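One structure is given here, and the rest of the page talks about it.
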Amino acid sequence: MSSTYLPPDLGECVHEVFYPDVQTTVNLFAIHLRNVGPDWDYPAHEHPQYELNYVTEGVQYMTINGTLYVQNAGELLLIPPGSIHSSQSRNGEGFTYFCMHFDIDDQLFLSLLARIKQLLFSADSPVTQQIEPVLHKLMSSAHDQSASAMVQRMQLQSAVFELFGHLWETVSQEAAQTFAGGYERIELAHQIRTRLQGLMSQQFKQGDEPDSHYGIDDIAAELGISTSHCNRVFKQVFGQSPRTVLSQMVLHEAKVLLGNPQLSVQNIAVMLGYKDIAHFSRQFKRWSGKSPSQYRQEQPALE
């Protein structure tokens, strides 16, 4: 469903199922498969992206924020942004590793990753076993000489999203161990998130101006829980309140629509459920630090 989706006239639809909107930007950096010799010594460095590092042969000695991790073949390292780390080979032997740096604008995914304090995952851990087949798929794609550059790029993106799906599932299970109530609490938070996406996709596009609770009361009632419990569970799992996340969804939707020069700011305000353009402009500036017009002027127009 696109940002400018309009529902059919009442009476035309017999049955429909709404799927979650996909509005995620993923940036991949410095993906490489490298075999290094016995004298390998990569100096300490840091970067603003997550690093996923997987050893296929040999042993890597990785120091992260002053702690040494001995990474054997089949083991996985998930290095958080800003971590100072260095890599070495020792004992006169080299090793082979696959490395990928990634940045994703899904704040809920990032907040869940941030709650996982474990960096090194053994070969038999659920996280490694789930994503290892996708890692091998990524590594083998580089050797497919028959595919065009565009086909390889699409295959790479497909495999990366598959990897993120497995990573989300397994990290959720790992995170469940840190919460009272375990997996049930994680699952409830995911249900709240799904309903927030539905609220953004349907209620706002029907021209209903968000009330002071942004629909959280209704979501809690649907799930048979109190509003306070809804807010508490969601924030415990994702580190943000449902209202904050919904505001981020509205801001993202507004930015997408502002990229379309055929839509006036007034039209966009109405599409997002704001009957008063001044209210929309104030909210947008509060969220982004810029007025809608200022933001639009700084963005390249859609062709």
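The values are calculated or read from the model by the stated rules, or taken from the named source; none is laboratory data. Just so we're clear, the structure is a prediction, and the values are computed from it rather than from any experiment. Cβ sites come from the backbone with ideal geometry, for glycine too, and all protein chains shown count toward neighbours.
Do we find that Gln206 is at pLDDT below 85 and under 20 Å from Gly289 (Cα atoms) in this structure? It is false that Gln206 is at pLDDT below 85 and under 20 Å from Gly289 (Cα atoms). Checked against the criterion of being under 27 Å from Ile116 (Cα atoms), hydroxyl-bearing (Ser, Thr, Tyr) and surrounded by fewer than 15 Cβ atoms within 10 Å (Cβ to Cβ), the candidates Ser247, Ser241, Ser228 yield just one match: Ser228.
Would you please name the residue that is farthest from the chain's Cα centre (by Cα), looking only at residues in the range 141-153 that are loosely packed, with under 12 Cβ neighbours inside 10 Å and at pLDDT 70 or above? Lay out the reasoning, then the answer.
First, the residues of the range 141-153 that are loosely packed, with under 12 Cβ neighbours inside 10 Å: 143-146, 148-150.
Next, from what is left, pick out any that are at pLDDT 70 or above: 149-150.
Numbers: Ala149: 26, Met150: 24 Å.
Among residues in the range 141-153 that are loosely packed, with under 12 Cβ neighbours inside 10 Å and at pLDDT 70 or above, the one farthest from the chain's Cα centre (by Cα) is Ala149.
In the range 23-47, the residues that are of a type in the set (Asp, Glu) reach residues that are modelled with pLDDT under 90 with C-beta atoms within less than 9 angstrom, at least six apart or across chains, in these pairs: Glu46/Pro81; Glu46/Gly82.
Residue-wise test of (1) in a loop (DSSP other than H, G, I, E, B); (2) at pLDDT 85 or above.
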{"position": "Leu263", "(1), (2)": "yes, yes"}
{"position": "Asn267", "(1), (2)": "no, yes"}
{"position": "Tyr274", "(1), (2)": "yes, no"}
{"position": "Phe280", "(1), (2)": "no, yes"}
{"position": "Gln283", "(1), (2)": "no, yes"}
{"position": "Ala301", "(1), (2)": "yes, no"}
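Of the residues making up the range 229-251, at least one is of a type in the set (Lys, Arg), in contact with a helix residue (DSSP H, G or I) (Cβ under 7 Å, 6 or more places away or on another chain), without any contact (Cβ under 8 Å) to a residue 40 or more places away in the chain and in a helix (DSSP H, G or I).
Within the range 264-277, the set of residues being in contact (Cβ under 8 Å) with a residue 24 or more places away in the chain and touching a helix residue (DSSP H, G or I) at 6+ places or on another chain (Cβ under 7 Å) comprises Val265, Ile268, Met271, Leu272, Gly273, Tyr274. Considering the range 78-132, the residues that are β-branched (Val, Ile, Thr) and assigned to a helix (DSSP H, G or I) include one that is nearest to Phe164 (Cα to Cα), namely Ile131. The sole residue among Thr170, Thr178 that is under 23 Å from Lys117 (Cα atoms), in a loop (DSSP other than H, G, I, E, B) and modelled with pLDDT under 85 is Thr178.
Tell me the residue from Tyr69, Tyr54 that is touching a residue at least 12 places away in the same chain (Cβ under 8 Å) and in contact with a Cys (Cβ under 9 Å, 6 or more places away or on another chain), please. Checking each option against the conditions leaves just Tyr54.
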